[in-house]
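Here's the structure, in structure tokens; my notes come after.
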Amino acid sequence: MVPTQPIASSAEADGVDRRTVLESLFLAGAALLVAGRADATPDAGAQGEKVVLKQDLPDVALKGWQLTALDLTYAPGQSDKPHKHPGFVFGFVIDGEVKFQVDGGKETTYKAGQMFYEPPGGVHRVSANASATRTCRFLALIFADKTSPLTTPAE
């Protein structure tokens, strides 16, 4: 078990950059997933590391926000109806393949070990298992105001 330390309620007042805190939380969660994959083989590097995703973050205040991590499994051929999230979302495909599209972007298929990003309020038009014969599983990390519902139907 990794020891944890509480994060001050006003990170900026304590000299802690909120982006650094978010990146650290996210990378720790992703590292746990990758470490748990028996078939994960990182690219050669000085420390066996590889960058899976590098994403600029929206300029948002995080007061009253929380991180919700959802472990999602889609049955073969399963898909969700168009929806949106109040904050930003990072997804990490654990097993199988996920089809994904947010308004303004192209439909993309992500495979195990790959990640995707959704901007705050972006309409998620396609979220589906790319296979008709295998399940797929992914981790969705949703950063959002804790008073808002995590998912709402698209308008």
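The values are calculated or read from the model by the stated rules, or taken from the named source; none is laboratory data. None of the values given here were measured: they were computed from a predicted structure. Every residue, glycine among them, receives a Cβ derived from its backbone with ideal geometry; neighbour counts consider all protein chains shown.
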The one condition in (1) touching a strand residue (DSSP E or B) at 6+ places or on another chain (Cβ under 6 Å); (2) hydroxyl-bearing (S, T, Y); (3) over 29 Å from K63 (Cα atoms) that T151 fails to fulfil | (3)
Sole miss for N129 among (1) within 30 Å of A61 (Cα to Cα); (2) crowded, with 19+ Cβ neighbours inside 10 Å is condition (1)
Quick check, is K81 touching a Pro at 6+ places or on another chain (Cβ under 8 Å) and assigned to a loop (DSSP other than H, G, I, E, B)?
-> yes
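So that you can scan it fast, the table gives a plain yes or no per residue for (1) within 21 Å of P149 (Cβ to Cβ); (2) at pLDDT below 95; (3) of a type outside the set (A, V, I, L, M); (4) over 17 Å from the mean Cα position of the chain (by Cα):
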site	(1), (2), (3), (4)
P42	no, yes, yes, yes
G64	yes, yes, yes, yes
G77	no, no, yes, yes
P82	yes, yes, yes, yes
V89	yes, yes, no, no
V98	no, no, no, no
Counted residues, the stretch 108-123 - those being touching a residue at least 12 places away in the same chain (Cβ under 8 Å), part of a strand (DSSP E or B) and closer than 24 Å to K50 by Cβ | 7
Per-region count, the stretch 100-131, residues polar (S, T, N, Q) and modelled with pLDDT under 90 | 0
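Give the stretch 132-149 a look and list any residue that's assigned to a loop (DSSP other than H, G, I, E, B) and among the β-branched types (V, I, T), or say none. Give the derivation first.
Restricting attention to the stretch 132-149, the residues satisfying the condition of being assigned to a loop (DSSP other than H, G, I, E, B) are 132-135, 146-149.
Residues satisfying the conditions are T133, T135, T147.
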